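The values are calculated or read from the model by the stated rules, or taken from the named source; none is laboratory data. Here the structure is a predicted model, which means the values were calculated and not measured. Here the Cβ is made from the backbone with ideal geometry for all residues, glycine too, and neighbour counts use every protein chain on show. SASA here: full protein model, heavy atoms, side chains in, ligands and nucleic acids out. Shrake-Rupley method; radii C 1.70, N 1.55, O 1.52, S 1.80 Å.
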Amino acid sequence: MYNDENNLYNYTYRKDGSELSHRRETVRPAGQPGPQGPEWEVKPVKKNRLGLKIAALALSCALLGGAAGGGAVWAATRYGGGNESEINVSSRPVTQVALREVDGKTALSDAEVYAANVNSVVSIRTSATAGYNFYGQPVETASAGSGFVLSKDGYILTNYHVVKGAETVTVTMYNGDEFSAQYIGGEEDYDIAVIKVEAENLQPVTLGDSGDLNVGDHVLAIGNPLGELTFSMSGGMVSCVDRAINVDGTPFNMIQTDTSINPGNSGGPLFNRFGEVVGIVSAKYSQSSNGTTVEGLGFAIPMNDVFSMVKDIMTNGYVSNRAYLGITPQTLTEGTAAQFHYDVTSGVFINYVEPDSAADKAGLKMGDVITKVDGTEVKSVEDLNLAKKKYSAGDTASLEVYRPDGTVTVEITWGAAPKEEQTQNQQYPESGNNNYSSGNGGYYGNPFEDLFRYFYR
C-alpha cells in the first residue's frame, strides 16, 4: 500500500508459534485460599493501568456472556463448603471447515473462501539501497506487500508500487516456503506488476468478473497488514464501483470497499463471495486534505481492467496493447480558451499530432479540443487518460471534438504505444520521489487530493 517512505515495516514469519507466552503450573495445598489449577505467568505492566482495568472488565463480561450459552454443566465446590456453583459450558462440537473448490457457481462461507485460497496468497518482502551514510556505508531499506499466484509454474501478480525500487524480492508462501522472485514486467499507470518464482505445482487463484460486482456485495481481502500480521483476512462490502481517483496526476478506476486495508495489504487479492479474485488491493484513504482522519475507505483495482495486460506481461514481459492516441495534450484553461477565442473553456487541447499515429489517421489536428470520449465528458488530460484505460490497441471509440468552425464527431481506432515506451519497465522499476514509495508496500497519502485538492489512497 502507498505510505510515507519513512514508515517502514519488517516482515516476520513465526512458523513455530514462538511468540506465545509460556504457561506455569501452580498447585496450592487443599484448603488454602486462592484458585486451584493452572496459572498464567505474566509480567507487570507499569503503565496504562486504566487500559488493564478495562481489559479485565471486558474479559469479565465475555465470561459472563459465555455462561448464558447453555450446554454441559460443570460443578465446582467452594473451598471446602457445601455450596455448588454451576457453570454452563457449551457442548457444541467444533465446526469443521470444508475445503471446497472455487467453481464460480457455489457461494462459500468466509471461512471456506479463506481455506480455498490462503495457499494462493503470498507475502512479498523487498530490499533496496536507499543511499549511503556519512561513512560511505550503504543504507538498506526493506518493505512488505502481498500478492497472489496466477499459475502453477510460479507467476505472481502484485502492485507495481510494491516492487518499485526493489533490488531483491522474496516471496513467502503460507506453508513457510521462501523463494527469490524475478521481475517479469509491469505497468505503472495501472499499478500492476508480474513477478515469477521457480516452483512447480503451486495453487493458483481463480479470477472472477469484476463487472458483476454491485454496491453492497460482500468482499474479502487476504494479505499481510503491517508486513507482520501475515495471511490475515478482513471482510466488508463494495462501497462503490468504478470510483475514479487521482494520484499525482495518474487517474485510477477503482472498486471502493470498507474492507480493512493497511500497509502491507497492497497487491493482495480481493475476493467475491464465490472465492474468485475480482480486484487487486491497492489503496486506502486514511486522511482528507483538511487533516480529517477517515476509516473504511479502501480501494482495489478491478480485475477486468487489467486482465489482458497481465496476460500480455506474462507472454511478452511488457504491455504490448496499451491504447495510444499519438498527441501532445494539454488541459484547456480559460486563459487558453480566451487566447484562441474558443467558445469552450474545458477539455483536452491538442498541441501536436504525431505523424501516422491513431490521431493523425482519424483526422485530429493541432488546436482541436477533445471534450468527450464515447459520450463520457473529458475536462482535462487526467480525464482523457482515465477514459483511455478502458481501451486496448485496436479498439474503436468516438471522440467529440471542438473546432472554431463547429463541433465534430471523430471515429478513431486506438493504436499501440511505441515499443520503446512499452519496454521501459522490463527491469526492476527505479524508485522516485512520488507517491509510489518502495517503502512498506505502502498506500497513497491522499488519492482524492486533486479533487478537494482532494484525495488519498
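Scanning the stretch 332-360 for residues being within 12 Å of Y402 (Cα to Cα) and of a type in the set (A, V, I, L, M) gives a total of 5.
Does G235 count as among the small types (G, A, S), assigned to a strand (DSSP E or B) and at pLDDT 90 or above? Reasoning before the result, please.
Details: among the small types (G, A, S): yes; assigned to a strand (DSSP E or B): yes; at pLDDT 90 or above: yes.
It is true that G235 is among the small types (G, A, S), assigned to a strand (DSSP E or B) and at pLDDT 90 or above.
Would a scan of the stretch 378-401 turn up a residue that is among the basic types (K, R), at pLDDT 80 or above, open to solvent by less than 60 Å² (accessible area, probe 1.4 Å) and in contact with a strand residue (DSSP E or B) (Cβ under 8 Å, 6 or more places away or on another chain)?
First, the residues of the stretch 378-401 that are among the basic types (K, R): 379, 388-390.
Then drop every residue that is not at pLDDT 80 or above, which leaves 379, 388-390.
Narrowing further to those that are open to solvent by less than 60 Å² (accessible area, probe 1.4 Å): 388-389.
Within this subset, residues satisfying the condition of being in contact with a strand residue (DSSP E or B) (Cβ under 8 Å, 6 or more places away or on another chain) are 388-389.
Taking every residue of the stretch 378-401 in turn, at least one turns out to be among the basic types (K, R), at pLDDT 80 or above, open to solvent by less than 60 Å² (accessible area, probe 1.4 Å) and in contact with a strand residue (DSSP E or B) (Cβ under 8 Å, 6 or more places away or on another chain).
When V197 is tested against (1) of a type in the set (A, V, I, L, M, F, W, C); (2) surrounded by fewer than 23 Cβ atoms within 10 Å (Cβ to Cβ); (3) modelled with pLDDT under 95, just one condition goes unmet, and that condition is (3).
Return a yes/no flag: does the stretch 207-224 have any residue that is among the hydroxyl-bearing types (S, T, Y) and surrounded by fewer than 21 Cβ atoms within 10 Å (Cβ to Cβ). Full working, then the answer.
Step one: list which residues in the stretch 207-224 are among the hydroxyl-bearing types (S, T, Y), which gives 210.
Narrowing further to those that are surrounded by fewer than 21 Cβ atoms within 10 Å (Cβ to Cβ): none.
Looking for residues that are among the hydroxyl-bearing types (S, T, Y) and surrounded by fewer than 21 Cβ atoms within 10 Å (Cβ to Cβ), one finds none in the stretch 207-224, hence no.
For first residues located in the stretch 387-398 and within 24 Å of N246 (Cβ to Cβ), partners that are open to solvent by 50 Å² or more (accessible area, probe 1.4 Å) and lie 6+ apart or on another chain with Cβ distances below 6 Å form the pairs A387/T376; A397/D374.
Contact map, the stretch 76-100: first residue of a type in the set (A, V, I, L, M, F, W, C), second residue open to solvent by 100 Å² or more (accessible area, probe 1.4 Å) and modelled with pLDDT under 80, Cβ cut-off under 9 Å, separation 6 or more or different chains; pairs are A76/E84; I87/W74; V89/W74. For the stretch 226-244, the set of residues classified as closer than 30 Å to M173 by Cα and either in contact with an Asp or Glu (Cβ under 9 Å, 6 or more places away or on another chain) or touching a residue at least 12 places away in the same chain (Cβ under 8 Å) (or both) consists of L226, G227, E228, L229, T230, F231, M233, S234, G235, G236, M237, V238, listed by residue number.
Among the residues of the stretch 283-306, are any modelled with pLDDT of 95 or more and more than 26 Å from Y183 (Cα to Cα)? No; the residues of the stretch 283-306 include none that is modelled with pLDDT of 95 or more and more than 26 Å from Y183 (Cα to Cα). The stretch 138-177 holds strands (runs of 3 or more DSSP E) entirely within its bounds, and those carrying 3 or more residues that are modelled with pLDDT of 95 or more and touching a helix residue (DSSP H, G or I) at 6+ places or on another chain (Cβ under 8 Å) map to 138-149.
Residues in the stretch 81-136 that are open to solvent by 60 Å² or more (accessible area, probe 1.4 Å) and either assigned to a helix (DSSP H, G or I) or at pLDDT 95 or above (or both): D110, N119. With respect to the conditions (1) farther than 15 Å from V149 by Cα; (2) outside any helix (DSSP H, G or I); (3) not hydroxyl-bearing (S, T, Y), L226 falls short on a single one, namely (2). For the stretch 307-346, filtering for residues that are of a type in the set (D, E, K, R) and within 25 Å of the chain's Cα centre (by Cα) leaves 3.
Can you pull out the strands (runs of 3 or more DSSP E) entirely within the stretch 273-369 that have at least 3 residues that are in contact with a strand residue (DSSP E or B) (Cβ under 9 Å, 6 or more places away or on another chain) and open to solvent by less than 10 Å² (accessible area, probe 1.4 Å)? First the steps, then the outcome.
Working: elements: 277-284, 298-302, 327-331, 348-353.
Here the list reads 277-284, 298-302.
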